[in-house]
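Have a look at the structure below before the remarks.
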Amino acid sequence: MPADHGRPAGGTPPEAPRRAPDGTASARPGGVPRGVPQPRPTDRFAELLVAVLSGQRPVHAMLRHSAGQAYDELIRLAERGPLRTRGARPVVRDIGWFVPREGAIEAFARIGAGDRLRAMAFRLERGRDLRWRCTAVELGGPR
């Protein structure tokens, strides 16, 4: 698949630059200067979800990063340990996303562990506090 497969079909990409009132590029949140690459919210959440669903991190690690029924779904998924493996540790191989509206991202990730491949889909929504939270998560079966 081409490298731009993760580009949103509409709306502003999650990593769009912020502008100061004078129109110049401003520092990113946390005071990190422009030009210093920062992971997209989709990247951070995919890694965190894989860590929780593989048992590397406890479910409560997602408590402040989730909203609505997503946390309850994560509890159910984590109890089954769907990404726990013997041998190769699961890793995020690929991420794509779609921006259905400003403040929402629907993402998918391909999760690999050895020669096994699984699909994970999740939705992120930006709250009034401008923090991204996971509002839905689904995990597909092995292929």
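The values are calculated or read from the model by the stated rules, or taken from the named source; none is laboratory data. For clarity, every value in this text was computed on a predicted model and none was experimentally measured. For neighbour counting, all protein chains shown are included, and Cβ atoms are generated from backbone atoms with ideal geometry for every residue, glycine included. All accessible areas refer to the heavy atoms of the entire protein, side chains included, with ligands and DNA or RNA removed. Shrake-Rupley method; radii C 1.70, N 1.55, O 1.52, S 1.80 Å.
Legend: residues 95, 75, sorted from most to least accessible area (1.4 Å probe; ligands, DNA and RNA excluded), read 75, 95. Structural descriptor for the range 71-143: relative contact order 23 percent, calculated from alpha carbon pairs under 8 angstrom and at least 6 residues apart. Exactly which GluC sites (Glu not before Pro) in the range 42-106 are in a DSSP loop and have at most 13 other Cβ atoms within 10 Å? Those that pass, being in a loop and sparsely packed, are 102. Taken one residue at a time, the phi angles of the range 60-72 give Karplus couplings (6.51, -1.76, 1.60, θ = phi - 60°) of 5, 5, 9, 3, 7, 9, 9, 8, x, 7, 4, 5, 4 Hz. Gly and Pro are set to x. Restricting the trypsin sites (Lys or Arg not before Pro) of the range 41-105 to loop positions (DSSP other than H, G, I, E, B) with no more than 12 neighbouring Cβ atoms within 10 Å leaves 86. In terms of accessible area, using a 1.4 Å probe and ignoring ligands and nucleic acids, 99, 91, 59 rank largest first as 91, 59, 99.
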